[in-house]
Amino acid sequence: MALKKWHELPVNLRRSAKDRWNYLVDELSGGTDNSQDEPQEEFTPVSYSFTSYSDAEGTTEWGSGTVETTGNVTDGYTQVEVKTNSPNESFVGQKFFITSDAEADNTTLYPLYSDAGETAVGIYVKISQDE
């Protein structure tokens, strides 16, 4: 690995000792991911409507509302954030995981998890995609 010459460094590294130090540490420890230099694809959340139930059979309906994807996808599970929930507004802002291959057919019941498929929270939902 060869470090860049002074004149090859970005201006911010030539002007800031802290940035220069971080650059050196990163380079000497195996390099950095220079993806910050490349334009990042902007995440666009997807909105879904849901109806929640107490069990996998949909025996007792608990409420309905909307969620948006957060962009966090781990081990085949997608994180969503509750945007609206009626009648229990206390769920607004909470985040859950649902299997990434869930179909928004408003028919199939899917369990929600507090993490990527490990800890079920005892809530089941039917989802449909908002237009």
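No value in this document is a laboratory result; all are computed from the given coordinates. Computed from a predicted structure; not experimentally measured. Cβ placement follows ideal geometry from the backbone for every residue including glycine, while neighbour counts extend to all protein chains displayed.
Quick notes on this structure:
- Converting phi to 3J(HN,Hα) with the Karplus coefficients 6.51, -1.76 and 1.60 and the offset θ = phi - 60°, the stretch 61-75 yields 7, 9, x, 8, x, 9, 9, 10, 5, 9, x, 8, 10, 9, 6 Hz in sequence order, with x at every glycine or proline.
- Extending 7 Å from Cα along the Cβ direction at Glu27 and again at Glu61 yields two label points whose distance is 6.3 nm.
- Amide H contacts under 5 Å for Tyr77, placed H, 5+ residues apart: Ser100
- Electrostatic tally near Asn72: other residues with Cβ closer than 10 Å to its Cβ, Lys and Arg +1, Asp and Glu -1, net 0.
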